[in-house]
Amino acid sequence: MSLLYPLGLLLLIAIPILILIYIIKNKYTEKTVSSIYLWNLSERFIKKRRPISRIVGLISLLLQIAAVIMLAVSVTQPVFVIPRAAKEYCFILDGSGSMNIVEGGQTRFDKAKDKIEGMIDDAFKGSAYSLIFVGNTTDTIFENYTDKERCKKLLSDLEVSYCETGTADLVSKAQALFDANHSVDIYLVTDKNYGQTENMTVLNIASEGENYAVSDLSYSVENGSVVVRGTAMSYVNDASLGLELYLDGESAPAVLGSVNVVGGTPTPFELVCENRIQLKSARVAITNGDILGLDNEAVIYNVDYENSSRTLIVSDYPFYIQAGLISAGNSQIEVVKTEDYKQKSGYDLYVFDSFTPEELPQDGAVWFFNPQSSLGGTNFNYQGDSYPSSPATFSKSTAKAVKNLLSGITAKDFEVSKYVRIGLSGRFTTLATLDGSPLIFAGTNAYGNREVVFAFDLHDSAAFTLSMDYSLLTANLLNYSFPAIINGTSYYAGDTLEINIVPGAESLYVQAPGGKEYYPDTSIAVCEFRLSEVGSYTVTMTMNDKSVRTFNVCSSLPEAERVPNPTESMLIVRGIAENNMRNGIYDSIIAFLIIFAVIAVADFGVYTYEQYQLR
């Protein structure tokens, strides 16, 4: 035994003080009185007092001494070591998306935390606790902590995730703890069933319930109507589900519908909004109530609308260029004749055909077809027209940049009747050459914007211009010059969103569904951002001309996390379990305080009895 606060023994000084008071307290003495009546009264008093005075006084003294001892012991708080009375616990808390299911007004995740907290409270003091949390990542929150209150505080701070979680990391961490101590008791608190477990106890906190979901949205514009298709699901029983279609963020549903689903079977549906030919976004919601609201609606955004760009073509004969850009991407194209061109700004892509402007635009990518002179800032120089002695040849380089820009094309040689000899003063990727001179190349100009050059007139190579290679090459170059900032709008929680940092991007921030804002790095070509929540993310990119481009993506609950009572295969922690207990600790002062209270009551009872005898 040890004492946490040994100075509490100073209270024992009260014992000799009590004894001294007992010794010197007043005694009844014989007195001479002048009245027989008073004498008779005193005789009765003496007869009642004498039989009990000494015994009662001694009992009261002993009780008071015992009370002081109990009070002193309580203050010192003795600690008793109880051999082999405590254990070492490892709790694994499932924080996956399905733990957001609400049952009885409480999420499964909160029920799981309450379960662990209750086990910590019930454990014998001196036990050690470890906690592995399986959320967006698998982390060890604490290991071999003995302070119950600290463990419960760290447990209460955890928040449920929305992602699908695997078992590999949790088994790895649990195995490491088990290897360090084969007597550790491992408990997985989850809503999943496991067919086989070893050296691990699964505590399933789930109960029965129904869940409905909508997913896999797509859209099209057909015969003057917007058609939204998707899949509805009831995970337990057959059901008739009500559907609502909302378009472009409108507060009232554009279409009401329903679909009959068979339990456990995905069922396709189709919602048609007539007399509508444009779509920015579509949201489909299930009107039926269930135990998990996170998958009751799905949103899809028009990625072409999100990524649309403004393009200016300066050409007297723009047909081939315009046709290639239209087939390659979603561009808002404006065309002006060369004689009408004046220095302009505010476009994402400038295309100059057989024309050289006085100044190079600084706020967008630039393409040159058949350049007619050198221009400052372009990093190439005009060396005059020339006539070929051989066909144009595509690069055979295996460099990644060349392979990306020539992706999909057949790369066959093609004839050109006349071309422009070009000298390069900057770093370019050459895609095609003619008589050793670069014919098609791409790079970056002095303003940090992408630059593409076709050193020939498209009208001088009709066979190439009308080929599939030209269309595919135009698409590759368009994506290179002005890559889509986002390549899709539908994801699952836990997926990685790739954000292309386009030329001219000054800053970027991402707002999560919960309101948190993130500021990813814009110094790299492609920024990767992990979608950890369910709902709509807003991606905002500010350009160096202070214009703002906004994009939206939807992150949905993973399919595996929508099942109310999922079943997994196995959880195996390998090794032979032992039963070596830890030494427990008993340091509760409650028992001593109870004894003190009992003694105090007993002493009061003795005092009351004495007073009764003196009446």
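The values are calculated or read from the model by the stated rules, or taken from the named source; none is laboratory data. Note that the coordinates shown come from a computational prediction; the quantities given were computed from them, not determined experimentally. All Cβ positions, even for glycine, are placed from backbone atoms using ideal geometry, and neighbour counts span all protein chains on display.
Side notes on the structure shown:
- Single condition Ile409 does not satisfy, out of (1) assigned to a loop (DSSP other than H, G, I, E, B); (2) surrounded by 15 or more Cβ atoms within 10 Å (Cβ to Cβ); (3) out of contact with any Leu (no Cβ under 6 Å at 6 or more places or on another chain): (3)
- Flag if Ser234 is touching a residue at least 60 places away in the same chain (Cβ under 8 Å) and polar (S, T, N, Q): no
- Scanning the stretch 173-196 for residues that are aromatic (Phe, Trp, Tyr) and assigned to a strand (DSSP E or B), we see that the one that is farthest from Phe142 (Cα to Cα) is Tyr194.
- Leading residue by the ranking (farthest from Leu477 (Cα to Cα)) among those in the stretch 350-404 that are among the aliphatic types (A, V, I, L, M) and modelled with pLDDT of 90 or more: Leu375
- For the stretch 270-295, a tally of residues being closer than 14 Å to Tyr235 by Cα, within 24 Å of the chain's Cα centre (by Cα) and of a type in the set (Gly, Ala, Ser) returns 1.
- Within the stretch 218-244, the set of residues being buried (at least 21 other Cβ atoms within 10 Å of the Cβ), within 28 Å of the chain's Cα centre (by Cα) and not in a loop (DSSP other than H, G, I, E, B) comprises Gly230, Ala232, Met233, Ser234.
- For the stretch 156-163, the criterion of a residue being charged (D, E, K, R), within 30 Å of Phe529 (Cβ to Cβ), in contact with a helix residue (DSSP H, G or I) (Cβ under 8 Å, 6 or more places away or on another chain) and in contact (Cβ under 8 Å) with a residue 60 or more places away in the chain is satisfied by no position.
- Among residues of the stretch 332-387, those that are surrounded by 13 or more Cβ atoms within 10 Å (Cβ to Cβ), among the polar types (S, T, N, Q), in a strand (DSSP E or B) and within 50 Å of the chain's Cα centre (by Cα), counted: 0
- Failed criterion for Asp469 (all others in (1) charged (D, E, K, R); (2) more than 23 Å from the chain's Cα centre (by Cα); (3) in a strand (DSSP E or B) hold): (3)
- Remark: pairs (first residue in the stretch 547-572, closer than 22 Å to Asn237 by Cβ; second residue part of a loop (DSSP other than H, G, I, E, B) and aliphatic (A, V, I, L, M); Cβ separation under 6 Å; 6+ apart in sequence or on different chains) = Leu557/Val534; Asn565/Ala206.
- Of the residues making up the stretch 547-573, those that are in a strand (DSSP E or B) and over 24 Å from the mean Cα position of the chain (by Cα) are Val548, Arg549, Ser569, Met570, Leu571, Ile572.
- Matching residues, the stretch 412-462, being among the basic types (Lys, Arg) and in a strand (DSSP E or B): Arg421, Arg450
Yes/no matrix, rows are residues, columns are (1) in the same structural domain as Tyr347 (by TED's automatic domain parsing); (2) among the basic types (Lys, Arg); (3) surrounded by fewer than 17 Cβ atoms within 10 Å (Cβ to Cβ); (4) not in a strand (DSSP E or B):
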site: Gly494; (1), (2), (3), (4): no, no, no, yes
site: Leu497; (1), (2), (3), (4): no, no, no, no
site: Val502; (1), (2), (3), (4): no, no, no, yes
site: Glu506; (1), (2), (3), (4): no, no, yes, no
site: Val510; (1), (2), (3), (4): no, no, no, no
site: Gly515; (1), (2), (3), (4): no, no, yes, yes
site: Glu528; (1), (2), (3), (4): no, no, yes, no
site: Glu533; (1), (2), (3), (4): no, no, no, yes
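- The one condition in (1) touching a Lys or Arg at 6+ places or on another chain (Cβ under 9 Å); (2) more than 18 Å from Val573 (Cα to Cα); (3) of a type outside the set (A, V, I, L, M); (4) not in a strand (DSSP E or B) that Phe142 fails to fulfil: (4)
- Hits in the stretch 262-297 (condition: under 17 Å from Gly209 (Cα atoms) and touching a Phe, Trp or Tyr at 6+ places or on another chain (Cβ under 6 Å)): Ile286, Asn288, Asp290
- Between Lys342, Lys337, the distinction of being free of Cβ contacts under 8 Å to residues at least 12 places away in the same chain and out of contact with any helix residue (DSSP H, G or I) (no Cβ under 9 Å at 6 or more places or on another chain) belongs to Lys342 only.
- Hits in the stretch 374-408 (condition: in contact (Cβ under 8 Å) with a residue 12 or more places away in the chain and among the β-branched types (Val, Ile, Thr)): Thr378, Thr393, Val402
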